[in-house]
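Chemist: Structure in structure tokens, see below.
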Amino acid sequence: MAKKKDTVDIWKEYTVGIQIEKQFGGQLPRSESEIRAMLEHRMPTRKPADATPIDELVEQVTAQVDVQDEESDDYLPGWSTFKHNTEGHLQYEGRSIRGHLKDCALQVAGFYKDIKNFRSKVVNRLYVVDDLITLMDKDSKPITEADDTQVRYIQVMTRQGPRSAIKYIDYVNSPFFEFNIKLMNDGIISMKHIESILQYGSVHGMGAERSQGWGRYSVAGITEL
């Protein structure tokens, strides 16, 4: 009988705790038409044969967002918010955290010149496990509604030239959340690199309105599972 080959555990898994310092802004549109436009913008030029139809994707997202009635007199375009789960708890997307980590890896790459293509190595070795992460308040209870909505007056460029516009951003004050990551256990990217990425990210900020200082955070803890 052939001997059973030993399996290699290629992953290490960690829980990362994030404490947002001030405002944390939602990034998802609150209207079906804007959600559709967002999803269409994200779609690759060449769709895979098994791609989920756009109508199904729109239905999935609108089920997780408090969408407005676009036929109502109270409808406000340009309003962004958070996803929520079936219990009404506000959620942040794991893919947004992964995007944040990738962006920050690019910025700290110069500190690790001994690792060629540092960002690419991080991208291929670091994954966020959770699809949706619940936002918690100071009492460690799930947050169920935004604290307030910020109104901003902005300039946008159109085909007719610059125009003024208004946007509305739902936000919560100083939420806490935890997410799990998997890091490939091959010694190329280690937790010291991830800590540097998070150190940069803590100042860069996460979520909406980073240019206004929103989404800055401290790392509450990193625990190996």
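Chemist: Take the residues of region 79-97 that are part of a helix (DSSP H, G or I) and touching a strand residue (DSSP E or B) at 6+ places or on another chain (Cβ under 7 Å): which is surrounded by the most Cβ atoms within 10 Å (Cβ to Cβ)?
Modeler: Among those that are part of a helix (DSSP H, G or I) and touching a strand residue (DSSP E or B) at 6+ places or on another chain (Cβ under 7 Å), it is I97.
Chemist: Open to solvent by less than 90 Å² (accessible area, probe 1.4 Å) and among the charged types (D, E, K, R): which single residue out of R152, R159 fits that description?
Modeler: R152
Chemist: Within 20 Å of E209 (Cα to Cα) and either in contact with a Cys (Cβ under 9 Å, 6 or more places away or on another chain) or surrounded by 13 or more Cβ atoms within 10 Å (Cβ to Cβ) (or both) - does that describe any residue in region 48-59?
Modeler: No, every residue in region 48-59 fails to be within 20 Å of E209 (Cα to Cα) and either in contact with a Cys (Cβ under 9 Å, 6 or more places away or on another chain) or surrounded by 13 or more Cβ atoms within 10 Å (Cβ to Cβ) (or both).
Chemist: Oh, and also: Any chance you could count how many residues in region 31-80 are β-branched (V, I, T), out of contact with any Leu (no Cβ under 6 Å at 6 or more places or on another chain) and under 22 Å from I169 (Cβ atoms)?
Modeler: 5
Chemist: Checking the condition assigned to a strand (DSSP E or B), touching a residue at least 24 places away in the same chain (Cβ under 8 Å), open to solvent by 20 Å² or more (accessible area, probe 1.4 Å) and touching a strand residue (DSSP E or B) at 6+ places or on another chain (Cβ under 7 Å), which residue from A220, A146 passes?
Modeler: A220
Chemist: So for region 25-34 (the condition being loosely packed, with under 12 Cβ neighbours inside 10 Å and outside any loop (DSSP other than H, G, I, E, B)), does at least one residue qualify?
Modeler: Checked against the condition, which is being loosely packed, with under 12 Cβ neighbours inside 10 Å and outside any loop (DSSP other than H, G, I, E, B), region 25-34 yields no hits at all.
Chemist: Sticking with this structure for a sec: Report, by residue number, each residue of region 90-112 that is touching a residue at least 40 places away in the same chain (Cβ under 8 Å) and more than 19 Å from V16 (Cβ to Cβ). Let's see the steps before the verdict.
Modeler: Residues of region 90-112 touching a residue at least 40 places away in the same chain (Cβ under 8 Å): 90-94, 96-97, 100-101, 103-105, 107-108, 111-112.
If the condition is that a residue be touching a residue at least 40 places away in the same chain (Cβ under 8 Å) and more than 19 Å from V16 (Cβ to Cβ), then F111, Y112 are the ones that fit.
Chemist: Quick one: is Q107 open to solvent by 70 Å² or more (accessible area, probe 1.4 Å) and among the polar types (S, T, N, Q)?
Modeler: So Q107 passes the test.
Chemist: Same structure, new question: Given I197, I222, I166, I188, which one is hydrophobic (A, V, I, L, M, F, W, C) and closer than 28 Å to Y75 by Cα? Spell out the reasoning first.
Modeler: Values: I197 fails: closer than 28 Å to Y75 by Cα; I222 fails: closer than 28 Å to Y75 by Cα; I188 fails: closer than 28 Å to Y75 by Cα.
It is I166.
Chemist: Just to verify a result, which residue in region 174-216, among those that are open to solvent by 70 Å² or more (accessible area, probe 1.4 Å) and charged (D, E, K, R), is farthest from H100 (Cα to Cα)?
Modeler: Among them, the one singled out is K192.
Chemist: Scan (1) surrounded by fewer than 18 Cβ atoms within 10 Å (Cβ to Cβ); (2) over 30 Å from K192 (Cα atoms) for the single condition V8 breaks and write down its number.
Modeler: Answer for V8: the failing condition is (2).
The values are calculated or read from the model by the stated rules, or taken from the named source; none is laboratory data. Computed from a predicted structure; not experimentally measured. Positions of Cβ are backbone-derived with ideal geometry, glycine not excepted, and every protein chain shown enters the neighbour counts. Heads up: the accessible areas ignore ligands, DNA and RNA and are worked out on the full protein's heavy atoms, side chains in. Shrake-Rupley method; radii C 1.70, N 1.55, O 1.52, S 1.80 Å.
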